[in-house]
Amino acid sequence: MLSQVTDSLTLWISHLYAVTGLFGIMLAMAIESCCIPLPSEIVMPLAGLMIAQGTILKGTSPLLGVFLVALAGAMGCLIGSIVAYGIGYKGGRPFILKYGRYLLISQHDADKADTFFIRWGSATVFFSRLLPVIRTYISLPAGITKMPFIRFCIYSFLGSLPWCFALAYVGYVLGNQVSKQLGLILHSLDAVILVGLVILAVLYIWRHIRNDRIARAAYVANEAGAQQVAAQMRDSISQSR
């Protein structure tokens, strides 16, 4: 089952690259970076593989070809990241908390992101681009905290470029063995991987819902306390007059 999903996804991406070339790579990475789970761990190595096979960028030197697909991938990351940044910037924390729960973005997640940004600052955007999963969602808190846009773009691009280059280079070096090895591994461990993923997904969702309820209750309590203090201050001011 899992190998069939991977094969279908790989086939679709391969067709996209064969028809659109570098634009397809840029589009696929833009999709991943605007919080849609299209894994770059498949997108970029496949581009390197197709360079080795001569399917894309035929006649271009291998190193230049890998650099060009990495550049296209980094540009796609930047475009998708700008979309996610804009959602966080314009909608802000209330928008993310209202609609983010449908994407499993919770009050707890928002609190952690705020704390992380306060501690590490803008450099978070650069280093997180080198981390799987985290790189997909980091643009939302960057927009919420209103990180300077130009700095955000520079850090996003510079952080994405080495990640894209490394993945594309691995795909090129491994060549045709990428798809064969991936298929054999997933096929032999299909049931184990599937059961493990289901268990992890259930545990994650349960923990997410629990933490979200706790964090939202604490948020409501803090808001009520702040309103009570404000009301007491207004009463004190009116009495002193």
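For the reader, a short list of remarks on this structure follows.
- Net length available on complete extension from Val170 to Leu11 is 55.4 nm, with 0.36 nm assigned per residue and the Cα-Cα distance removed.
- Here Glu41, Glu32 are placed in order of increasing Cβ neighbour count within 10 Å, fewest first, which gives Glu41, Glu32.
- Neighbour counts of C-beta atoms inside 10 Å place Thr55, Thr136 in the sequence Thr55, Thr136, starting with the fewest.
- Ordering Met147, Met29 by the number of other Cβ atoms within 10 Å of each residue's own Cβ, fewest first, gives Met147, Met29.
Readers should treat all values here as calculations from the given coordinates under stated rules, not as data from a laboratory. Everything numeric in this text was worked out from a predicted model, so none of it was measured. Counting neighbours? That spans all protein chains shown, and the Cβs are built from the backbone with ideal geometry, glycine included.
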